[in-house]
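Below is one structure, written out as structure tokens; the observations come after it.
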Amino acid sequence: MTFKHNFKKVLSATAFAAALVVAPAANVSAATNDASSTQQSATATSQDQQASQDQAASQSSAANQSSATAASASASTSTSSATSTSTVKKTTKKAKKTTKKSKKKTSKKKAVKKVAKKTTKKKATKKAKKTSKKSTKKTTKAATAAVTASAGQSQATDQQDDAAKKAAEAAAKKAAAKKAAAKKKAAAKKKAAAKKKAAAKKKAAAKKKAAKKSAEKAAKYWIAMRESGGSYTARNGSCYGRYQLLISYLGGDLSKKNQERTADRYVYGRYGSWVNAKRFWLAHNWY
């Protein structure tokens, strides 16, 4: 494949050289023809023939040169291709040897790396196991310590809660007792006030009654003194006694007791009281 490729390259080079040789010759002949045509028009035909002959000769010489160059190029390509194939074989052999060496080295390196990785993994696993054991021991110790601490704290909190409950219950009992005592005291105070008020009312009523009684007694005495001068035997026509009542009112009983009883019945039935009877007597001089 390389030889054919190089031969194609040589052929293209020879063709390019032949074209370069032919092109200048054609240009020169054209230039000479133009010059001769301008100088002498009569000899144009003869010069044209000579130019054509010269052109043909030049073309034949160029063809011979191109063939020679092609032959030399082919010889050189053949030699170069032979040398290139030998060099390629040598380089491929060297490359194969180097690749084999590199593969061996890489395989050795890989094996060493695998061994190193295995040893490092073993060491790492051992360290990890040791650290995990230590960490588990530490965690178990910490957990047990935390459990004991939490148990102690829970007991302490329970004791505190019990103490707080007892204190709250005692405070509630004390407050309830205090409230009950205050309520009882207030009730007693209220009762005492009501009792005092009732006593005062009773006393006032008694005082009022006594005053009324005394007023009644005074009015009765006043009328008796005006009617008979206080004598139970005084007589004025059909009226008799201390209060000068009609004898028919006494019903034949002229005793002091009957006179007092009959006079009270008469006055309270007619005036409502001795005081009112006295008022009437003051207004009319009789009752």
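The values are calculated or read from the model by the stated rules, or taken from the named source; none is laboratory data. Small disclaimer: the values here were computed from a predicted structure and weren't measured. When we count neighbours, we look across all protein chains shown, and the Cβ atoms used for this are built from the backbone with ideal geometry, even at glycine. For accessibility, only protein heavy atoms count, side chains too; no ligands or nucleic acids. Shrake-Rupley method; radii C 1.70, N 1.55, O 1.52, S 1.80 Å.
Laid out as a table, the results:
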{"item": "Residue satisfying all of: in region 203-224; among the basic types (Lys, Arg) and open to solvent by 50 Å² or more (accessible area, probe 1.4 Å); farthest from the chain's Cα centre (by Cα) among these", "result": "LYS217"}
{"item": "Residue satisfying all of: in region 247-272; among the aliphatic types (A, V, I, L, M) and in contact with a helix residue (DSSP H, G or I) (Cβ under 9 Å, 6 or more places away or on another chain); most open to solvent (accessible area, probe 1.4 Å) among these", "result": "LEU254"}
{"item": "ALA124 hydrophobic (A, V, I, L, M, F, W, C) and at pLDDT 70 or above", "result": "no"}
{"item": "ALA192 being open to solvent by less than 60 Å² (accessible area, probe 1.4 Å) and under 19 Å from VAL275 (Cβ atoms)", "result": "no"}
{"item": "Pair list, Cβ under 8 Å, 6 or more apart: region 248-260 residue of a type in the set (S, T, N, Q), other residue assigned to a helix (DSSP H, G or I) and modelled with pLDDT of 95 or more", "result": "ASN258/LEU250; GLN259/LEU250"}
